[in-house]
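Rule-based calculations on the coordinates, nothing more; no lab input. Quick caveat, the model's predicted, so the values are computed rather than measured. Neighbour counts are summed over all protein chains in view; Cβ atoms, including those assigned to glycine, are modelled from backbone coordinates with ideal geometry.
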Amino acid sequence: MTQRFKMLVFVVVLLLVAAGGVVAAWVQQDDAEPVTILGTWTGTQEERFETLLRGFGIPFRYQGTAAQREVLLSKVQSGDPPDIVIMPGIGELAEYADQSLLKPLDGLYRPEEYGAPWESTGSRSEPVYWVPVKADLKSIVWYREGNRPAADAPAPTMENWCLGMGDDGASGWPGTDWIEDLVLQRAGPDAYERWALGKGRGWESDQVRTAWEAWAGLLGQNREVAEHALLTDHRDTPDGSGLLFDAWGGCTLEHQGSFAPSFYKDDAEKAGLTDSAPLLPGGNRRDPAHEVTGDFAALFSTRPAAGELIRRLASREGQQKWAELAEVYSANRGVEPQKGRVKEAITRRLRTGTRCLDASDVMAPAVRDAFYEAVLLTVARAAAGDEDVGVPGLLADVQLVQDAQSRRSGDKKAVPKTVCSAE
């Protein structure tokens with residue numbers, strides 16, 4: 001080997017070592033990059049969530065926004081999705097999963113700690129793409145201390161109900177909760193599930209039409225209440241006490257989820273809850289089911305740090321810390337219930353009995369948005385004093401969207417298979 005060749009070999013080796021050092025440095029930098037998380041939690045809940053995450057010891061960067069759908073779509077289209085997204089819309093997550101954009105969570109959490117309906121794949125052999133990291137109960141009604149409605153009383157009139165349709169990114173959803181609950185309590189879980197999953201022509205079924213007409217009938221009792229609902233945010237009032245304690249027009253009841261006390265602020269301890277079924281027109285008074293909802297974590301990234309963060313967040317220990325830190329509820333059955341009569345009652349209903357996932361959360365985004373729009377049109381027509389708000393026509397329009405979605409979707413594997421469960 002000539003001296004010149006030896007020198008050439010030495011230079012090549014140096015370059016390779018240097019390159020190796022560059023690669024090693026790059027890998028180290030990549031490992032140190034924070035895990036990016038996109039969610040809907042802002043304000044106090046965002047602060048508490050970040051406190052929880054800091055305890056995991058994994059660098060992260062959290063972004064909370066009310067316009068989550070638009071922000072996420074923009075990031076995905078630009079090729080820069082977050083590592084983790086946390087959202088209530090299972091139907092939306094299913095679309096990303098069917099585009100092969102979500103990564104399976106197999107091995108990152110223990111499905112048996114959650115069970116149905118939170119696991120909605122229908123089979124343990126199918127990949128799971130989301131896990132609930134926060135749960136909430138619906139099918140309940142809040143009342144002010146001393147104003148508990150009698151179980152055998154007639155269904156309250158519209159003047160009794162506190163109602164606001166406004167929301168930063170999804171106005172109309174409080175009305176979808178009303179209609180979903182009416183379908184569930186009047187027609188039962190089987191009809192509810194078929195409708196939520198888009199089977200048949202559910203929007204034009206008697207079960208959905210009569211439930212919608214019952215709600216429209218309530219709105220039609222008082223134009224002023226309907227108009228106020230159309231112009232009012234479901235959370236905020238001028239004095240910042242929430243709809244129930246602002247009590248505009250003398251309302252005493254609010255059909256709202258277990259997160260409602262966060263709106264009541266200092267008055268939260270003065271609020272009680274009861275099942276909604278006996279208070280709804282035609283509701284099942286003997287064996288009520290409960291609608292439930294969750295915030296589900298999903299993974300866009302294969303980065304080990306992102307998977308590890310989900311593993312810790314979904315674990316029994318992580319969920320216990322989250323529940324205690326933020327006073328939220330968990331679908332993980334290993335988490336100890338929070339103390340207090342109201343909190344224990346919510347936890348019991350979240351984990352036992354017949355529970356059905358929020359129907360609009362399960363629906364594909366296009367169908368869900370059409371649902372919101374039809375709700376707002378119903379309220380607007382009631383506020384205008386229309387004697388006939390045109391329920392059949394509204395439902396026919398949503399059914400058209402559902403039909404188009406079904407043709408486009410075909411046999412999508414990630415679409416939820418079940419919505420309701422009884423334990």
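List of remarks:
- Backbone amide hydrogens, once placed in the peptide plane, bring TYR329 within less than 5 Å of ALA135, excluding anything fewer than 5 places away on its chain.
- Close amide H pairs (under 5 Å, H built 1.01 Å from N) link VAL35 with PHE60, ARG61, residues at least 5 positions away or on another chain.
- Between GLN221 and ALA66, the FRET efficiency estimated from the beta carbon spacing at R0 = 22 angstrom works out to 0.10.
- Max mean-square fluctuation residue, GNM over the chain, Cα-Cα springs under 10 Å, options GLU387, GLU308, GLU324: GLU387
- Principal axis analysis of the Cα atoms in the range 74-197 yields extents of 52, 33, 29 Å, listed in decreasing size.
- Using the Cβ-Cβ distance between ASP80 and ARG148 with R0 = 51 Å, the FRET efficiency computed as 1/(1 + (r/R0)^6) comes to roughly 0.50.
- Sorted by Cβ density within 10 Å, fewest first, the residues TRP118, TRP130: TRP118, TRP130
- Cβ-derived FRET efficiency at R0 41 Å, GLU308 paired with LYS199, nearest 0.05: 0.60
- Gain upon complete extension [GLU33, ASN284; 0.36 nm per residue less C-alpha separation]: 85.1 nm
- Relative to the current alpha-carbon distance between PHE259 and LYS413, full extension at 0.36 nm per residue lengthens the span by 52.3 nm.
- Dipole of the chain, positive end: most advanced residue of VAL362, PRO34, LEU325 [Cβ charges, Cα centre]: PRO34
- Ordering ARG349, ARG407 by the number of other Cβ atoms within 10 Å of each residue's own Cβ, fewest first, gives ARG407, ARG349.
- Between LYS339 and ALA155, full extension at 0.36 nm per residue minus the direct alpha carbon distance yields a gain of 63.1 nm.
- Near LEU137, once Lys and Arg are set to +1 and Asp and Glu to -1 for all other residues with Cβ below 13 Å from its Cβ, the sum equals 0.
- Each label point was placed 7 Å from the Cα along the Cα-to-Cβ direction; for THR44 and ASP403 their separation is 4.8 nm.
- Rounded if a/c under 1.5, otherwise prolate or oblate - the range 266-423, Cα gyration tensor axes: oblate
- Nonlocal amide H pairs with LEU280, under 5 Å, H built at 1.01 Å: none
- Projected label points at GLN99 and ALA384, each 7 Å from Cα along the beta carbon direction, are separated by 3.5 nanometres.
- Residue among TRP215, TRP248, TRP173 with the largest mean-square fluctuation in a Gaussian network model of the chain, springs linking Cα atoms under 10 Å: TRP248
- Of every Cα-Cα pair in the range 237-341, the percent that sits beyond 19 Å: 61 percent
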